[in-house]
Amino acid sequence: MTTTEESSHYDNLHEMSVEALLTSMNKEDQSVPQAVAQAIPAMTPLVDEIVQKMDAGGRLFYIGAGTSGRLGVVDASEIPPTYGLPHDRVIGIIAGGDGAIRKSVENAEDDKYQAWKDLEAYDANAGDVLIGIAASGRTPYVLGGLEDAMNKGLTTGCIVCNQASPIAHAVKYPVEVVVGPEFVTGSTRMKAGTASKLVLNMLSTAVMIKLGHVQGNKMVDMQLSNAKLVERAIHMLMDEIEIDRKIAERLISDHGSVRRAIDHYKG
């Protein structure tokens, strides 16, 4: 039995008070960052490879089913507004199609041939990187997609929450974050989902920093798509080049991005 399917450390959950439920879940969650920390040595070469591929024009794909697929879609969708990349550079694909983001699609994760068909719609090729996300480490949709991708020459990695899984064995860069049994037995949207999200945050953020989309500690390429982000950009400029608010507002209005405003001012 995989550790994500083992029985919870707790029982008789239905008899617990609300406070006891919340306290116990929080206690379980505290083990997740420690498990992620142990996976950093495995994440490091994967980040290096993604940076190299994307710097040469390649793309980053995520595939997954259920919670894992949704997490990949979320991470991919946040890259354009946060770092200014086009939507076709980091792409999240979920088993069952975009409709499965909101509603579960029966048996979608059991089709081992569908993932590559989904990737073919994007002309995935050897210049790209594919990361499969699957808490169990054995989801057929993800495993099949990774095996096909390897055969086509793509660089492959994975995020799984069990050791020595079929998916980890199928890829070049396995990231195994073993979080143990879930509070509700088998509910991998809990600790496994949290661990996967943390790893995705770390991978994509490190990649974006290494690709030059952060200066100092600031998101200089973020899309200024709402008032909050415009305000953030103004404060970035005031802090970065030590100017007053009126000048910062004018620079943002004239140039539409923090990077261009800084370059213009310093140029």
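Among what's in the range 21-43 and is polar (S, T, N, Q) and open to solvent by 70 Å² or more (accessible area, probe 1.4 Å), pick the residue that is nearest to Pro166 (Cα to Cα).
Step one: of the range 21-43, the residues polar (S, T, N, Q) are 23-24, 26, 30-31, 34, 38.
Filter again for open to solvent by 70 Å² or more (accessible area, probe 1.4 Å), leaving 23, 26, 30, 34, 38.
Details: Thr23: 34, Asn26: 30, Gln30: 27, Gln34: 24, Gln38: 20 Å.
Once the filter is applied, the top-ranked residue is Gln38.
Assess whether Ser196 counts as being open to solvent by 10 Å² or more (accessible area, probe 1.4 Å) and under 20 Å from the mean Cα position of the chain (by Cα). Give the derivation first.
Numbers: open to solvent by 10 Å² or more (accessible area, probe 1.4 Å): no; under 20 Å from the mean Cα position of the chain (by Cα): yes.
For Ser196, the condition - open to solvent by 10 Å² or more (accessible area, probe 1.4 Å) and under 20 Å from the mean Cα position of the chain (by Cα) - is not met.
For the range 111-147, a tally of residues being closer than 21 Å to Leu46 by Cβ, open to solvent by less than 80 Å² (accessible area, probe 1.4 Å) and part of a loop (DSSP other than H, G, I, E, B) returns 9.
On the given criteria, is Thr188 open to solvent by 10 Å² or more (accessible area, probe 1.4 Å), over 18 Å from Leu85 (Cβ atoms) and not charged (D, E, K, R)?
Values: open to solvent by 10 Å² or more (accessible area, probe 1.4 Å): yes; over 18 Å from Leu85 (Cβ atoms): yes; not charged (D, E, K, R): yes.
Spelling it out, Thr188 is indeed open to solvent by 10 Å² or more (accessible area, probe 1.4 Å), over 18 Å from Leu85 (Cβ atoms) and not charged (D, E, K, R).
Does the range 8-20 contain at least one residue that is open to solvent by less than 30 Å² (accessible area, probe 1.4 Å), out of contact with any Gly (no Cβ under 8 Å at 6 or more places or on another chain) and either in a strand (DSSP E or B) or not aliphatic (A, V, I, L, M) (or both)? Don't jump to the end; show me each part of the working.
If we filter the range 8-20 for residues that are open to solvent by less than 30 Å² (accessible area, probe 1.4 Å), which is where we start, we get 8.
Imposing the further condition that a residue be out of contact with any Gly (no Cβ under 8 Å at 6 or more places or on another chain) reduces the set to 8.
Filter once more, so that each one left must be either in a strand (DSSP E or B) or not aliphatic (A, V, I, L, M) (or both): 8.
Looking for residues that are open to solvent by less than 30 Å² (accessible area, probe 1.4 Å), out of contact with any Gly (no Cβ under 8 Å at 6 or more places or on another chain) and either in a strand (DSSP E or B) or not aliphatic (A, V, I, L, M) (or both), one finds at least one in the range 8-20, hence yes.
Specify the residue that is farthest from Pro86 (Cα to Cα); the eligible residues are those in the range 217-267 that are free of Cβ contacts under 8 Å to residues at least 60 places away in the same chain and among the hydroxyl-bearing types (Ser, Thr, Tyr). Applying the filter and picking the extreme gives Tyr265. For the range 148-166, taking the residues that are closer than 15 Å to Lys53 by Cα and among the hydroxyl-bearing types (Ser, Thr, Tyr), the one that is surrounded by the fewest Cβ atoms within 10 Å (Cβ to Cβ) is identified as Thr155. Using the structure shown, decide if Pro86 is of a type outside the set (A, V, I, L, M, F, W, C), more than 20 Å from Ala192 (Cβ to Cβ) and either surrounded by 12 or more Cβ atoms within 10 Å (Cβ to Cβ) or touching a Pro at 6+ places or on another chain (Cβ under 6 Å) (or both). Taking the combined requirement at face value, the residue does not satisfy it.
Checked against the criterion of being out of contact with any Lys or Arg (no Cβ under 8 Å at 6 or more places or on another chain) and closer than 15 Å to Val32 by Cα, the candidates Leu237, Leu198, Leu251, Leu224 yield just one match: Leu198. Across the range 89-110, the number of residues qualifying as part of a helix (DSSP H, G or I) and either of a type in the set (A, V, I, L, M) or surrounded by fewer than 20 Cβ atoms within 10 Å (Cβ to Cβ) (or both) comes to 6.
The values are calculated or read from the model by the stated rules, or taken from the named source; none is laboratory data. Quick caveat, the model's predicted, so the values are computed rather than measured. Please note: Cβ atoms are built from the backbone with ideal geometry, for glycine as well, and neighbour counts cover all protein chains shown. Heads up: the accessible areas ignore ligands, DNA and RNA and are worked out on the full protein's heavy atoms, side chains in. Shrake-Rupley method; radii C 1.70, N 1.55, O 1.52, S 1.80 Å.
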